Amino acid sequence: MINCWLVRAFVNAEGAHGNPALVVVEPEGNSVTAVQRQELATRLGVPANVFVQDTTAGRVSIHSNYGQSIRFGGHPLLATVEALHRIGKVPKELVPDAGPVSCRRDEDGTVWLTAPARWSKPWRHYQMESAAEIDALTGLPEGEDFTQVWAWEDQEAGRVRARLWAPRIGKGEDEACGSASMLLTLKLGRGLEVLHGRHRAIIRTRPVDDVQVELGGRCAVEPPGEDVRAALDELYIGR
């Protein structure tokens, strides 16, 4: 059986919702290609799919459900740290296509990573007047795309309300976008608690310098469905 988990990164205050990622620890010596990984990710429909190719070196590849690989992604990497923790692995570094990312898991269960914010997709930011306006959105303001819409909920405390959509790549609302929140952190020059998406996923950020940002959140793990396991067994064992 292939080691795999469905991990929801950036859960909310109740430990619910968050952004799902499928984390797969690939068996040693497999010959699965990047094209096959992407085909599987597209077919399964999970927003992010992480294939751990080497648990010791931390080498991973990330594939979306909209037909593209992901060089760097906040929620899939946090999900990977949490998943590997379940099998006694404590990675200090993960290596997606973008480059090495330092990571840790605190005793309270919060997972952190540190990376250059510029590795994120080129998200736009659109500030609105109030958190209530963000809550009422059913999509992006006219003329916006690839945009994180945000407003202060408590500016003194660094608490932000945010939501994000990217229609041009076929991406609906992103429940919790860590990479866009990293860019917003550098833009505002301060640590943030971002309450993201319809269900107020909790994303924490801290600027390290004018390049690097710490990104943190809590995760919840659940077993994948039988259809996912069957697809993985077919790819890795049935070859």
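Couple of notes before you dig in:
- Residue match in segment 212-229 (condition: hydrophobic (A, V, I, L, M, F, W, C) and either in contact with a Pro (Cβ under 8 Å, 6 or more places away or on another chain) or closer than 22 Å to LEU137 by Cβ (or both)): yes
- Residue, farthest from PHE146 (Cα to Cα), within segment 108-130, restricted to residues that are basic (Lys, Arg) and in contact (Cβ under 8 Å) with a residue 40 or more places away in the chain: ARG118
- Within segment 13-39, being touching a residue at least 24 places away in the same chain (Cβ under 8 Å) and among the hydroxyl-bearing types (Ser, Thr, Tyr) holds for one residue alone: SER31.
- In segment 41-114, counting only strands (runs of 3 or more DSSP E) that sit wholly within it, the ones holding 3 or more residues that are touching a Phe, Trp or Tyr at 6+ places or on another chain (Cβ under 9 Å) and crowded, with 21+ Cβ neighbours inside 10 Å span 59-64.
- Within segment 201-218, the set of residues being within 19 Å of PRO100 (Cβ to Cβ) and among the aliphatic types (A, V, I, L, M) comprises VAL208, VAL211, VAL213, LEU215.
- Search result, residues across segment 1-15 that are touching an Asp or Glu at 6+ places or on another chain (Cβ under 7 Å) and surrounded by 18 or more Cβ atoms within 10 Å (Cβ to Cβ): LEU6, VAL7
- Residues in segment 201-211 that are part of a loop (DSSP other than H, G, I, E, B) and out of contact with any helix residue (DSSP H, G or I) (no Cβ under 9 Å at 6 or more places or on another chain) were compared, and the one that is surrounded by the fewest Cβ atoms within 10 Å (Cβ to Cβ) is ASP209.
- Within segment 2-31, being of a type in the set (A, V, I, L, M) and either outside any loop (DSSP other than H, G, I, E, B) or touching a Leu at 6+ places or on another chain (Cβ under 6 Å) (or both) holds for ILE2, LEU6, VAL7, ALA9, ALA21, LEU22, VAL23, VAL24, VAL25.
Read-outs: derived from the displayed coordinates by stated rules, not from any lab. Computed from a prediction, not measured in an experiment: that's the story for all the values here. Neighbour counts are summed over all protein chains in view; Cβ atoms, including those assigned to glycine, are modelled from backbone coordinates with ideal geometry.
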